Structure formats: structure tokens, C-alpha cells
């Protein structure tokens, strides 16, 4: 009789044995310098989370001490119960009060216009304190009160950071909408959050073109009747419509220029004491069907967790002249947590970049790294694969010796992209932190620590402190090593989501209803399939929704994609399931080829054989299509459900508002199998 727990696992087909230990030099200077030290502290954080997180929280300012670190009755957590604080205070005022007001807080670089020099601004902590206080008073003058949700829809300009910090300053939760979303997406989110104020720009620059942000807001306002005020920051000076007429719900004009309002605003605005569990922000995640989910994050636990994960995962030191750059947009959770809220309390300058990675040329990122002497660089695997496609000559043309830590975020990174990142960008000396986390988790959940964790290409390695994660079946039974299953989190963590705005039932159904033990415990379901190897390292195998059941074998898409990209002709691949008359489900692969490679039938046969040799005949693609690009969101995530529609020969009817380039779909449909 087998001792294997009941439940259907996911077959693991990826085999990766390379291992890279931190250098002695790096480990000797790191906050966390050995694997033994990590294991001891992690054990303490699990066995005694109260004292562990109380110690970390003590590094930040609190207006009122907490009475209790944690109250937990699944699925509801309350962290630092009774404590009051303010995240804007800890990002900004705390540094000014510590005589660090003149130190650089934000470095901003805009797109160069017409081949000229890029626009660069540097804001000190004192600058941020003045500007956030003034804009907080602007919001108050528009009737915004503590608890009112303010919508922000802006390009990547410093005023976006100022706006979100100003909201936090007065206790007005913000709902930041990524600047690539359409008017209908804005309207849906405004309506759900019952927002009365929108902050936007006249436009933003993207590859030399204007993104018409104000026009999109105007179109959204025609779909909802709640908006009373639109504040417009002038970035590109493009013509925009101006609405002076009052709305039905107030007697003032609707549209206001940012600069006009700021002229009259006072720079005196104390930070509002916020209960630890007061709502900090709502961030919407879109799905294939149904309305977007408004993920709610509160103040105290999120503040403590993002501060500490930033400090340890990126090895941040305020006194080492570090410059940190996360290439994400603030409109995503990565930008919330790891451009602003987690970074500023660590007193390391955070770099914001307005434009695209290949404008005006494919070396733009490396030019920025060299110019600003970036020490920590955090980007997405899809960007790394694009860099690979564009060629090694671009990073090699720049001095990247300032780099100290590299990071990846957003999706699993395939081993070959990891190795390129390690060799070409990190020059075989920079640790890579491959971070797994979600909008819902608020911060890193599984990640290497750069001075402590030996890394394996493609593995996010070990859980962060306080994180109890396991590979289980639907009954919550832990599966054996090297068996794919559901990635579950068994205990609360400080930055965890507190719900879905206005939809308690959906919150429980989506995250807390599928994994239940025989004793009645419920675990957080991440929605990812994963396995754990014999060293305790975690390997993400793709979304459970993307698992392909081929002749009774459940295969994770990430592992098949990694096998394809391991071939030197392929720089990026996306794999989906499709209907197959014999197998039930077949494998369809969409591949972007290296420059100069000819897409033909011989190459298809070669790649099919390569996958069979790498991971077994069961994983051999039934269809391979070659494409110049894959359908992606502006954040870089591949929209596999659209590829599934193409593979099965049907039109796409789901939400495409996050798709960066609609023409990509048409080009793939025109391509031959």
C-alpha cells in the first residue's frame, strides 16, 4: 500500500543540477551571510512569529504601540493590533527627522526626446516631504477625507509617487490604475471603488509617442457619474479637452491643473495616525471573466513586510552609496511594494524610469545602469528574454560593474534566461534573487537571500521569514519531494491581502475554499503548481489553470517552455493546451526565434525532437508556431489564454484591455503551423 497522499499531482519534467553559491566577499558584507543563519532565523520566525515580527516592526516609527502582534482566525488576520502609524511618515518624514532630508530619495529619468539627452530629476527626502504635504492639502481642498478612495492613472513620473504618498499621508486609500489600461477598465475600477477623484497626466511618453491619459479619463468619466474632480499633471503638453462645467454632485469645476492647485497649497500637513489595519490601498487584478478583483492591503503589516523583504532580499545598506532600480510600473504591485513603499524606508535611492527598454535603442537599460551606477537591478523574465534576443553586444557596450544584486519578478524564469542574466549582465559575480510572490501576498514569499542562499537556475529557492509554504493536494496533505502539486501557504504573514473590496464571498471562494485538511484547517491557495526538491528548494511550474493534461500526465507549462528555450534557436516560448482527438489535450507551442534563424518545417521537427530528448516524448509539442512576438501585457506577462484561443481556432472574447499590442494576435493567426 502506497504512503503517497491522495490527490492528483503534476508531473515534473524539468531537471536542473547547476548550483551557484554566494561569494565569500558578498556573504561577508551581507545582512544575511550564511545558509545556517537563514535556517535558524526562519525556524524562529515560524515557531515564534510574535517576537520575530515585533522586533522587525521596532525598526520603524509607530505613533501608538501595538497591543498584540497577531490575531488570526482563517482567513482573517489582524497584525500589530491597536498600533497606529503612517506609511508616508516612515517613507519620508522619518528620514527628514533623522537629519537625512538632503539625501536622494528618488532618481527619475524620462524618455529622451528626438535623440537628445534624457531628462533627469532627483528628489530628496525633504523634497518629498514638502511635495507630499502640499498635494495632501490639495486633496483635502477637493473634499478628500480619511477613508475615501482616490484613483490614480498616471505615467511613470515622480508625481505618481508623490500622489500615492500624499494619499497615505492623509489616510485616503489609493487605487492606482496602470497607464496602459483603457477607458472602460478605468470606469470599472472607479465604479467598484466608488471613487470621486482621479489624478492623471495630460499624457505620457512611450517610445516617442504620447499615451493619451487624459483622453482616456475623459472617456471613462462619460461611463460613470461619481467623478467630481480630475487633477491633471502636465507632462507632454498635448492638447486635451477641459471640463469647466460642474457635475451634478458638486458646484465646482471638474478639471484642475496640478500646478495651479499646488501653487496655493500649504506645505504643512502632519501625517494622519492610521490604525495598523486601516486600508492603505486597493489594487485591481484582472481575470479572464468577471469584474476585476479589488485586492485590499492594510497599513501596518504591509509596511513592516515590504520594508524587511526589501532590506534582506536586495541586501540594502543606506551607507554604501547604493542605487536601486526596479523596472516595473508603479501601477502594478511590484511598483507599489518595490519601487516606493518597501524601498524608501530603507534610505536607498529608488530609480524610476518613464519609457520602454528599447527606446531610443536596445541598450537603453544598460545605459541607465551605467549612468546612475545602479547596484540592485530588478526586472521581469520576459524583459530578460527580450534582451537575449536583441543581442549581447548591447549590455557589453556599457560598464555594468556597479551591479551588485540582480532580481527577477513576475513569472518563473527559465534556466537558460537565468544563465544569460548571470553571465552577461551579472558577469558571474552578482547573486540573482528569483522572487515568487503575488499581488495578493503584498511582498516576497519565496526568494533567495543574496548572501546566504546557493541558487539554482529556475528555482525561487526557499521561503522568506515567517512564510510557511508547502506543496499539497486538495486535502492539505503534503506531497513528497519532486512531486508537483498545489502551492499553499499554511500560516498568516504580515502583508497578506485582507479581502476583495465589496466581495467577501469571492475572497473566500478564490483563495480559501479549495485546500482544506481533515481537521478543518484551510490554507491559502496561490493558484500555482509547484514542486519541492530534495534540498527544500521550490520550483514554480506555472498556473494551475495552465496545467496541460496529456494522456493522463499533468504537465506544467513552464517546464515545457524551458526545454524549448534551452535550444539555441529559441529566445522565448509560450506553451498552452489545445484539443487533441486522440490524447484529449495536445501541446501547442509558440516560439520566438533568435535573430537570423529561419522558421521552417525542419526547425519544427528539430524542436520537437529536442523537447523529447530533454524531458520525454510525452512533452513533445503537437503544434509549433513561430512568431516575432508573443501577446503580453505591458507588465510583460504572456497572455496564454489568447494563445489557447488561437491554437484551437476560435476568436478571443475575453478581456484584452491589458494587452500591449493587439496586432501581435493578428500576426500569429496569420502564421502557419
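Couple of notes before you dig in:
- Full-stretch length increase - residue 121, residue 267 - with 0.36 nm per residue and alpha-carbon distance subtracted: 50.5 nm
- A simple spin-label model places the labels of residue 438 and residue 34 3.6 nm from each other, with each point 7 Å out along Cα-to-Cβ.
- Arranged from fewest to most other beta-carbon atoms within 10 Å of their beta carbon, 562, 99 become 99, 562.
- Taking packing as the residue-averaged number of other Cβ atoms within 10 angstrom, the listed peptides 436-442, 101-107 run from highest to lowest as 436-442, 101-107.
- Estimated from the Cβ-Cβ distance and a Förster radius of 22 angstrom, the FRET efficiency linking residue 429 and residue 44 is about 0.10.
- Separation between Cα centres of the stretch 157-173 and the stretch 319-341, rounded to whole Å: 15 Å
- Length released on extending from residue 605 to residue 19, taking residue separation times 0.36 nm less the Cα-Cα span: 207.8 nm
- Protection proxy ranking, peptides 207-217, 293-303, average beta carbon neighbours within 10 Å, highest first: 293-303, 207-217
- The chain: angle of helix 125-141 to the longest principal axis, Cα-based, in degrees nearest 10: 70 degrees
- The distance between label points at residue 225 and residue 373 comes to 5.9 nm (points 7 Å beyond Cα on the Cα→Cβ vector).
- Counting only DSSP beta bridges whose two residues both lie in the chain, roughly 60 percent are antiparallel.
- When the helices of the chain are scored as -39500 (n - 2.57) per DSSP H run of n ≥ 4 and the total is divided over every residue, the value at 222 nm lands at -7500 deg cm²/dmol.
- Helix 601-615 and the long axis of the chain differ in direction by around 90°, with both axes built from C-alpha atoms.
- Modelled this way, with points 7 Å down the Cα-to-C-beta line, the labels at residue 241 and residue 648 are 3.9 nm from one another.
- Using the average count of surrounding beta-carbon atoms within 10 Å as a protection proxy, the listed peptides 156-163, 23-30, 360-367, 321-328 rank, highest first, as 156-163, 321-328, 360-367, 23-30.
Bear in mind these aren't lab numbers, they're just calculated from the coordinates by the rules spelled out. These numbers were taken from a predicted model, which means no experiment stands behind them. Using ideal geometry, Cβ is built from the backbone for each residue, glycine included, and neighbour counts are taken over all protein chains shown.
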